[in-house]
1. When the solvent-accessible surface of protein heavy atoms is calculated with a 1.4 angstrom probe, in what order do R253, R215, R127 fall, highest first?
2. Tell me, what is the percent relative contact order of the chain, built from C-alpha pairs under 8 Å that lie six or more residues apart?
3. Solvent-accessible area of W17, probe 1.4 Å, all protein chains present, reported in Å² to the nearest ten, please.
4. By DSSP, what percent of the beta bridges with both residues in segment 1-131 are antiparallel, rounded to the nearest 5?
5. For the chain, modelled as a Gaussian network with Cα springs under 10 Å, which listed residue fluctuates most, V46, V105, V173?
6. Once phi is turned into ³J(HN,Hα) by the Karplus curve 6.51 cos²θ - 1.76 cosθ + 1.60 with θ = phi - 60°, what whole-Hz value does each residue of segment 261-277 show in order, with x for glycine and proline?
7. Accessible area of the chain with a 1.4 Å probe: how many percent of it is carbon plus sulfur?
8. Let me check something: with ligands and nucleic acids excluded, how do T84, T279 order by accessible area (1.4 Å probe), largest to smallest?
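The values are calculated or read from the model by the stated rules, or taken from the named source; none is laboratory data. Here the structure is a predicted model, which means the values were calculated and not measured. Just so you know, the surface numbers come from the protein's heavy atoms only, side chains and all, with ligands and any DNA or RNA stripped out. Shrake-Rupley method; radii C 1.70, N 1.55, O 1.52, S 1.80 Å.
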Amino acid sequence: MRTNDLILDDEHHLWHWPFFSLAESLRSVQAGERLARYVVVNLGFVHFQFHPSGLIINLRPELVLARTIASAICFLSDLPSRRTVLACLETNWEHRVCRGRAEAVAGLNGVLQRCEAKTRTPSFLSRAIDTERMSGQNPFAQIVRFWSNHQTSLDQERIDKVLRGPLQGRYLVVAPAPERGTLIMQHWGDRLGSYDPTWARRARGIPLHEQPDYRYGSAAATAYKAALHSRQPVCEQVDAIVSKTRGANLRLRYMRLILPFEESDGGTRLLSTSLLDPTIDLRKALQVG
């Protein structure tokens with residue numbers, strides 16, 4: 001029995017043999033070796049098998065996410081150097097014997113580069129909308145007018161008052177960390193369906209860019225920083241491919257408004273709201289020619 005075996009999932013979490021907790025999380029009746037094989041082949045997880053003679057790392061390059069490979073490299077880098085076998089499921093299982101940690105990291109880096117090559121088409125596209133020229137029929141127009149007269153003291157009562165109808169529950173509140181280099185999520189609206197509700201309930205206090213899809217979080221943070229620095233509303237159309245948990249992808253097309261509010265202590269908080277719009281297609285231009 002390999003009591004030291006570990007599984008790395010797509011949320012950077014390590015699960016320990018015989019993986020009963022992982023089975024419960026996935027509502028699976030399997031555990032042990034059968035569950036390990038299933039999550040590698042079907043969910044893109046990484047399985048570390050520890051043996052007296054060395055380490056075997058099992059993965060499926062076609063399915064594994066770049067961020068999962070990056071986490072695997074970090075984990076491997078903290079382990080003692082040992083003989084390592086990279087077992088990759090391509091058409092069949094292919095095994096590469098590595099004499100030590102450095103060679104194994106190099107092998108995983110090669111897998112990472114292939115993963116990133118598949119996503120060279122931008123996963124996050126956006127187009128700015130001038131709020132000063134916004135039509136009165138635009139659902140954000142009334143909110144911008146409210147903001148122009150009430151730019152201070154953002155609280156839940158005010159959020160509920162401003163974001164009514166289809167926007168109610170579709171909001172995010174973030175604030176800069178003391179060093180101002182990082183934006184921290186303070187409230188995640190219950191109708192933002194980007195990720196699993198379980199993760200959304202844990203989002204408070206997490207940096208904005210550290211979402212399950214790191215690339216999406218980092219790209220989305222750019223507009224928030226623009227609103228923070230300009231002290232002006234930022235409105236944009238967004239067409240994004242989001243990697244959700246368990247390896248699934250979701251295309252999100254929406255219009256987003258970000259408003260800066262000054263607090264009594266001199267700090268700033270940003271209120272973001274969005275409205276889904278399946279007619280937005282920013283990828284069409286990329287396909288021309």
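1. Values: R253 65, R215 105, R127 130 Å².
Highest to lowest solvent-accessible surface, that is R127, R215, R253.
2. 14 percent
3. 50 Å²
4. Working: 17 of 22 bridges.
Taking every DSSP beta bridge within segment 1-131, about 75 percent pair in antiparallel fashion.
5. Residue with maximal mean-square fluctuation among V46, V105, V173: V105.
6. Working through the residues one at a time gives 10, 8, 9, 5, 8, x, x, 10, 10, 10, 9, 10, 9, 8, 9, 4, 8 Hz.
7. Percent of accessible area from carbon and sulfur atoms in the chain: 49.
8. Largest to smallest exposure gives the sequence T279, T84.
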